[in-house]
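Notes for the one structure printed next.
The values are calculated or read from the model by the stated rules, or taken from the named source; none is laboratory data. What you are looking at is a predicted structure, and each value in this text was computed from that prediction instead of being measured. Here the Cβ is made from the backbone with ideal geometry for all residues, glycine too, and neighbour counts use every protein chain on show. To get the accessible areas, we keep the full protein, side chains included, count just its heavy atoms, and leave off ligands, DNA and RNA. Shrake-Rupley method; radii C 1.70, N 1.55, O 1.52, S 1.80 Å.
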Amino acid sequence: MKKKVLVIGVIGADVHAVGNRILYHAFTEAGFEVINLGVMVSQEEYIAAAIESAADAIVISSLYGQGELDCRGMREKCDEAGLKGIPLVVGGNIVIGKQKFEDVEKRFKDMGFDRAFPPGTLPETTIEALRELLHMEEEA
Amino acid sequence: MKPVLLIDFGSTYTKVTAVDVEAGCLLGTADSFTTIHTDIGEGLEKALEKLHAKTGELDYAARYACSSAAGGLRMITSGLVPELTAEAAHQASLGAGAKVLKVFSFQITEDDLEEILRINPDIFLLVGGTDGGNTECILHNARMLASIPFDFPVIIAGNRTAARECERILEGHEVHLCENVMPKFGVLNIEPVRKKIREIFLNRIIHAKGLSEASELISGILMPTPSAVMRAMHLLAKGCEGESGIGDLIAVDVGGATTDIYSMTDGMPQDASTVYKGLPEPFDKRTVEGDIGMRYSVHGIVDAAGIGRICQLSQLSQERVEELLELLDEHKDMIPESGSDLEKLDFALASMAIETAVARHAGTMEETYTLMGLTYVQSGKDLRHVGQVIVTGGSLIRTTRTGEIASHALASPAAPMSLRPLKAEIRVDRKYILAAMGLLSEYEPQIALRIMKKELEHDGYSEQKNS
Ligand code: B12
């Protein structure tokens, strides 16, 4: 079966590189084809990479607290670029400080994200969620 | 003595260069108008007469030629995302010495088809999608192409998953399959396409353009002139067995209609704190500025630089500059007399042509203030450490102020984010030998390199200027 393709990267002016590298290895290990855009990735870069590679999902990391601002408009841009319905997931430390995660999650879902994850989410949890989102369990 | 003849059929001039490969030296150069409308051999004969008047009759052991006559190698490319595969296709074509008339991205439309038919290129390069990635776009574009009556060869160098189907869609046409220009995201693979373009050029295009009439005079290979210059510059930078190169360089060819820039350097970020964005760049990169040229594209120069800077550099009033620009519009073949106002204007135009073209070729550095402080983001090639600038083109060869004009290739405090060379040695190709040495490099690289090192005159050493 063809590998599922993920485009990953850390959005905005965020330079936290360690988690990104860990996720790259974890996803690759788990059998995904991973296109890693590294740190300081703009919305346009995710979209361009996803178009050329016919990606199955875009996985956005944000660690420095400005995730909400950086992610705004991402879904609309995907629609505009012809990536209608592409799964968008986000995780890391996506907002500043301690906020009730249900509220945070709702705000990201309202922005068109399929899933948003709280701080401290383990790579295994992330992989499982991606498998579910991409209906990989049924196919396997 | 073992003389070899090197010929460049240019769009305006046919240039001939004689080299003694035994002694490893230049025997002479000459030129004459290119005669594409009658018999291309006529212009060549005239140029040879002139050459032999200087050198005496020569019995050539071989004759090699390159050509940019009859419009050069005219290409159209189509890719998917403008900054990704479309740009990769563009790069591959320029690197093969082509003149790229149009770059399409995403899906080709009906209007685009009309344009394709009107341009009627020598080669169409069809790409899009990484291997295993998007197939929709390249298949759509193949189908669109198949719907029109065309007669040019098509190179397919996109997503390999779609390659065979594209070939079937275009059945009945001359189709060449090639490796993907971007097999993986962010990986450039342009060499196979460059090779294929050159092959097609050899087998087909030189005949179609009536250049083969001269072929009985020529024993060796043909390639597009920019491709020959590219080879020469690569050799000059890198060196070859037994002869070292001069290191990282840029070369600028300011023509009448366009300005070509070549850079031979890696150009990737020098330190770990800089984040690189965008497509990786090839070591040997060529760009062409279609709106920057000394006669057919003077207005492009003025638009880019602003009339104010042209006046300032030429030390002429705006009225006088405008008057002269009008004159140039009517007389494209004007050559300035020494001390004339036109000479002053040409100085300003050439300076700004170089500044604009090199600035567009070079990468940029963006400063981003993050919460942690300053971070640098680089896109394109970093040329700051490049230590050699080679200049050629009529307007630079004729003037005595070559070094001054060429210094505009360098970094300027006025544009701190532009990654142009900080300081460099300037060399001028006064005898117009770059294309010839590129041809010779195929057979006698060591001699070609030695001749270049000797003949490319030093013209000063420059650092950042204040203008
Ligand atoms: C090291 C570090 C830095 C280094 C980064 C070096 C580098 N180039 O990588 C430096 C010093 C540069 C730095 C700077 C800043 N940092 Co800092 N940094 C940290 C620190 C201590 C560790 C980060 C790390 O590497 N963790 C280890 C990796 C493995 O974990 P991770 O990055 O979280 O990634 C994992 C998960 O989050 C998850 N994950 C990641 N992405 C995704 C995506 C999805 C979809 C899912 C499901 C999961 C997921 O999986 C990853 C692997 O397990 C954290 C605190 C901490 N302990 O987490 C603060 C922290 C991230 N930084 C913080 C801040 C505020 C900053 C600064 C703004 C200012 C400052 N206080 O220094 C700047 C911002 C600079 C910038 N422009 O980005 C805050 C963020 C606060 C918030 N979001 O509310 C933190 C949480 C510290 C804190 N408690 O205040 N930082």
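Of note:
- In this structure, residue B:422 does not satisfy being away from the ligand (no atom under 16 Å from the Cβ), surrounded by 23 or more Cβ atoms within 10 Å (Cβ to Cβ) and not hydroxyl-bearing (Ser, Thr, Tyr).
- Exactly one residue out of A:71, A:78 is more than 13 Å from chain B (Cβ to nearest Cβ) and under 20 Å from residue B:128 (Cα atoms): that is A:78.
Let's see how each residue does on (1) open to solvent by 10 Å² or more (accessible area, probe 1.4 Å); (2) assigned to a loop (DSSP other than H, G, I, E, B):
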{"position": "B:60", "(1), (2)": "yes, yes"}
{"position": "B:77", "(1), (2)": "no, no"}
{"position": "B:102", "(1), (2)": "yes, no"}
{"position": "B:108", "(1), (2)": "no, yes"}
{"position": "B:117", "(1), (2)": "yes, no"}
{"position": "B:131", "(1), (2)": "yes, yes"}
{"position": "B:138", "(1), (2)": "no, no"}
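- Unmet requirement for residue B:258, which otherwise passes all of (1) in contact with a strand residue (DSSP E or B) (Cβ under 7 Å, 6 or more places away or on another chain); (2) within 14 Å of chain A (Cβ to nearest Cβ); (3) open to solvent by 20 Å² or more (accessible area, probe 1.4 Å): (2)
Matching residues to (1) open to solvent by less than 30 Å² (accessible area, probe 1.4 Å); (2) within 14 Å of chain A (Cβ to nearest Cβ); (3) among the aliphatic types (A, V, I, L, M):
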position	(1), (2), (3)
B:266	no, no, no
B:275	yes, yes, yes
B:294	yes, no, yes
B:301	yes, no, yes
B:306	yes, no, no
B:319	no, no, no
B:325	yes, no, yes
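- Among the candidates B:366, B:404, B:442, B:355, residue that is within 16 Å of the ligand (Cβ to nearest atom) and of a type in the set (D, E, K, R): B:366
Yes/no matrix, rows are residues, columns are (1) more than 23 Å from residue B:346 (Cβ to Cβ); (2) at pLDDT 90 or above:
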{"residue": "B:376", "(1), (2)": "yes, no"}
{"residue": "B:380", "(1), (2)": "yes, yes"}
{"residue": "B:383", "(1), (2)": "yes, yes"}
{"residue": "B:399", "(1), (2)": "no, no"}
{"residue": "B:421", "(1), (2)": "yes, yes"}
{"residue": "B:429", "(1), (2)": "no, yes"}
{"residue": "B:460", "(1), (2)": "no, no"}
{"residue": "B:465", "(1), (2)": "no, no"}
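- When the stretch A:47-62 is filtered for residues that are out of contact with any Lys or Arg (no Cβ under 9 Å at 6 or more places or on another chain), within 12 Å of chain B (Cβ to nearest Cβ) and within 19 Å of residue B:277 (Cβ to Cβ), the ones remaining, listed by number, are A:48, A:49, A:50, A:51, A:52.
- Screening residue B:445 against (1) at pLDDT 95 or above; (2) open to solvent by less than 40 Å² (accessible area, probe 1.4 Å) leaves a single unmet condition, (2).
Yes/no per residue for (1) surrounded by fewer than 18 Cβ atoms within 10 Å (Cβ to Cβ); (2) touching a Leu at 6+ places or on another chain (Cβ under 6 Å); (3) within 12 Å of chain B (Cβ to nearest Cβ):
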position: A:1; (1), (2), (3): yes, no, no
position: A:13; (1), (2), (3): no, no, yes
position: A:25; (1), (2), (3): yes, no, no
position: A:43; (1), (2), (3): no, no, no
position: A:64; (1), (2), (3): no, no, yes
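- Only one of the numbered conditions (1) surrounded by 24 or more Cβ atoms within 10 Å (Cβ to Cβ); (2) farther than 24 Å from residue B:359 by Cα is not met by residue B:408, and that is (2).
- Scanning the stretch B:229-243 for residues that are within 14 Å of residue B:265 (Cα to Cα) and modelled with pLDDT under 95 yields nothing.
- Qualifying residue in the stretch B:5-14 (condition: among the small types (Gly, Ala, Ser) and either assigned to a helix (DSSP H, G or I) or over 20 Å from the mean Cα position of the chain (by Cα) (or both)): no
- Scope the stretch A:30-55; condition closer than 17 Å to residue A:86 by Cα, within 13 Å of the ligand (Cβ to nearest atom) and among the β-branched types (Val, Ile, Thr); matching residues: A:34
- Any hit, the stretch B:407-417, residues being of a type in the set (A, V, I, L, M) and under 16 Å from residue B:17 (Cα atoms): no
- Of all residues in the stretch B:110-156, those satisfying the criterion of being within 14 Å of another protein chain (Cβ to nearest Cβ) and touching a Lys or Arg at 6+ places or on another chain (Cβ under 8 Å) are B:130, B:131, B:132.
- Of residues in the stretch B:157-187 being buried (at least 18 other Cβ atoms within 10 Å of the Cβ) and of a type in the set (A, V, I, L, M), the one nearest to the other protein chains (Cβ to nearest Cβ): B:182
- Among residues of the stretch A:1-29, those that are away from the ligand (no atom under 13 Å from the Cβ) and in contact (Cβ under 8 Å) with a residue 60 or more places away in the chain, counted: 2
- Scan of the stretch A:56-115 for residues that are within 11 Å of the ligand (Cβ to nearest atom), more than 14 Å from residue A:11 (Cβ to Cβ) and among the charged types (D, E, K, R), ordered by number: A:98, A:114, A:115
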